[in-house]
Amino acid sequence: MNIHSLRGFRDLLPPESTLFACIEASAREVFALYGYQEIRIPTIESKELFVKSTGDTTDIVEKEMYAFTDQGGREVAVRPEGTPGVVRAYIEQNLSQSGRNGKYFYIGNMFRAERPQAGRYREFTQIGAEYIGNASPFADAETITLLVRLLEKAGLPGLSVEINSLGCGECRKSYREILLNHLKANIATLCEPCKNRIDRNPLRALDCKIDGPALAEKAPKLTLCAPCAEHFDRTRTLLKSSGVEFTVNLNMVRGLDYYTRTVFEVKSSALGSQDAVAGGGRYDDLVKSMGGPQAPAIGWAMGVDRVAMLLKDKAPATAPAVFVIAASKEAQDAAFKILGELRAQNISADFSNLELSLKSQLRSADRSGAVIAVLLGEEEVRNSVCAIKFLKEKREQQIVPAAGLITELKQILGNAPTP
Ligand code: AMP
């Protein structure tokens, strides 16, 4: 076969796939503690949704979105991020009227045609949180704390949290002019795409992948209006009282158009150049601008692929507890029946090929990582017994009555370290 997976797309194999599942399960537990409910949104939406929300001058929409015309002639896009879909659902499904707190989490794959490199793929998994309908700094502090606790629970090393405030539309109005003048005065230092987009959106130059960090360093900084400054102050105080360590990074702008006020990023020193593990921010005007009610909101997305990279040495091994072997032709059906009985009793069990030789089945049993092999030969079937063989350290064998097998196994496995 000469068909390969596409560049930037990959197969997730065990044990990495197991690690993904563990990270997701651990996230679900933390979300439940914070009152979040799951939302599942479509993978494909109208292209306009992303153009209008994420922003048509953002890298994600301008350069990286998988967009196409479908069979019905509709302009559609494969989601590059989760927030626009959640906001669309919030408006379309009238969720502001649900009577519940607007706290939603999602787990899903996102698609961006970025240049692939270690930790950067064209299809990747994000776990995201959106808290819609709360403008107060308590929501900012809680949302960031939730993210940090979730990453801590997953066991991530070397985390650092950076926060900034991008102010509101009012503070940004005057800043836009100041920044634009600064960028025009330094136009020679800008990359070609930025030269073309600064008039439409000067802020985007500051998070350009090519020269953004150098530009942001030298650019004039935004001055917050009094209410935004107070909001930022309160957020920092509340974060400190929640025991979250952070630094303020005045150069952070984040790559999307809809952010207002608080923005944040979590990085890990253990990752290479792609060191961002998660990022997010407040988006107070997005829901309204998309045709919904006035619903200030804040959210974040975390890259599961990168979290998994950091935890790769901790990938849990999966193995059945018991491996069933038929030592002769006459015992095959009885062995197959035992497999069913074990599983019905919640004991994980596997087998290779009951028709192969005893030696071959034993080899498979060893490779499977199972704690115990249950062996059944013609004689065992005749005498209504089973042989139990310990596959780990002691490797001894004992005979037990078939009727007592499950009880015996439960006793042994209860004491055995889980594979
Ligand atoms: P963003 O939606 O760009 O704020 O990204 C949030 C998080 O998703 C980042 O901090 C990364 O951990 C992860 N992420 C973003 N883009 C990619 C990608 N192309 N490949 C893998 N992970 C990504």
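The values are calculated or read from the model by the stated rules, or taken from the named source; none is laboratory data. Keep in mind the model is a prediction, meaning the values are calculated, not measured. Ideal geometry is used to build each Cβ from the backbone, glycine not excepted, and the neighbour counts take in all protein chains shown. Just so you know, the surface numbers come from the protein's heavy atoms only, side chains and all, with ligands and any DNA or RNA stripped out. Shrake-Rupley method; radii C 1.70, N 1.55, O 1.52, S 1.80 Å.
Any idea what diffusion coefficient region 141-284 gets from Stokes-Einstein, in µm²/s, Kirkwood Rh on alpha carbon pairs, 25 °C, 0.890 mPa s? Estimated diffusion coefficient is 152 µm²/s.
Note: relative contact order over the chain, using C-alpha pairs below 8 Å and six or more positions apart, is 16 percent.
In region 140-281, the portion of solvent-accessible area held by carbon and sulfur atoms comes to 52 percent [1.4 Å probe, whole percent, DNA, RNA and ligands not counted]. Among V148, V266, V322, the largest mean-square fluctuation in a Gaussian network model of the chain, built with springs joining Cα atoms closer than 10 Å, belongs to V322. Close amide H pairs (under 5 Å, H built 1.01 Å from N) link V277 with V266, K267, S268, residues at least 5 positions away or on another chain.
Using Cβ point charges alone (K and R +1, D and E -1), the dipole size of the chain about the Cα centre works out to roughly 560 debye. D333 sits with roughly 130 Å² accessible to a 1.4 Å probe, with DNA, RNA and ligands left out of the calculation. In whole Å, what is the distance between the alpha-carbon centres of region 349-419 and region 69-93? Measuring centre to centre over Cα atoms gives 52 Å. Helical runs assigned H by DSSP (4 residues or longer) give the chain a calculated mean residue ellipticity at 222 nm of -11000 deg cm²/dmol, each run adding -39500 (n - 2.57) before division by the residue total.
In this structure, the amide hydrogen of R261, modeled 1.01 Å from its nitrogen in the peptide plane, lies closer than 5 angstrom to those of L166, G167, C168, counting only residues at least 5 positions away or on a different chain. So what is Rg over Rh here for region 322-414, counting just Cα atoms and using Kirkwood for Rh? Across region 322-414, the Cα-based Rg/Rh ratio is 0.91. With the convex hull constructed from alpha-carbon coordinates only, the chain shows a mean projected area of 26.9 nm² over all directions.
Taking other residues whose beta carbon is less than 11 angstrom from the beta carbon of A365, and scoring Lys, Arg as +1 and Asp, Glu as -1, yields +2.
Which net charge results for the neighbourhood of P401, defined as the other residues with beta-carbon distances under 11 angstrom from its beta-carbon, given Lys and Arg at +1 and Asp and Glu at -1? Around P401, the surrounding residues sum to -2. Accessible area per residue for the chain, computed on protein heavy atoms with a 1.4 Å probe, is 49 Å². Taking amide hydrogens as placed 1.01 Å from N in the peptide plane, the amide H of C386 sits under 5 Å from those of V400, A402, each at least 5 positions away in sequence or on another chain. In the elastic network of the chain, a GNM with C-alpha springs shorter than 10 Å, the most mobile of E396, E16, E217 is E396. Note that region 136-149 has calculated 3J(HN,Hα) couplings of 7, x, 4, 5, 4, 5, 5, 5, 5, 4, 4, 4, 5, 5 Hz, one per residue in order, obtained from phi through the Karplus relation 6.51 cos²θ - 1.76 cosθ + 1.60 (θ = phi - 60°); glycine and proline are x. Protection proxy ranking, highest mean first, for peptides 57-65, 358-366: 57-65, 358-366, where packing is the per-residue count of other beta-carbon atoms within 10 Å, averaged. Among the listed pairs K52/K195; K337/K394; K184/K218, which are separated by more than 18 Å between their Cα atoms? Result: K52/K195; K337/K394 exceed 18 Å. Taking K240 as the anchor, which lysines have their alpha carbon closer than 22 Å to its alpha carbon, excluding any fewer than eight residues away along the same chain? Within reach: K153, K267.
The residue among G414, S364, G377 whose Cα reaches farthest toward the positive pole of the charge dipole of region 356-419, with charges on the beta-carbon of Lys, Arg, Asp and Glu, is S364.
Judged by the mean number of other Cβ atoms found within 10 Å, the most tightly packed of the peptides 281-288, 237-244 leads the ranking 281-288, 237-244. Highest mobility in the GNM of the chain, judged by mean-square fluctuation with C-alpha springs under 10 Å and restricted to I347, I44, I127, is found for I347. Converting phi to 3J(HN,Hα) with the Karplus coefficients 6.51, -1.76 and 1.60 and the offset θ = phi - 60°, region 224-240 yields 6, 6, 4, x, 5, 5, 5, 4, 5, 4, 4, 4, 5, 4, 5, 5, 4 Hz in sequence order, with x at every glycine or proline.
Using every pair of distinct Cα positions in region 29-153, the Kirkwood expression returns a hydrodynamic radius of 15.9 angstrom.
Step through the residues of region 69-76 one at a time and calculate ³J(HN,Hα) from phi using the Karplus curve (6.51 cos²θ - 1.76 cosθ + 1.60, θ = phi - 60°), rounding each to whole Hz and writing x for Gly and Pro. Taking θ as phi minus 60°, the curve returns 8, 7, 4, x, x, 8, 7, 10 Hz for region 69-76.
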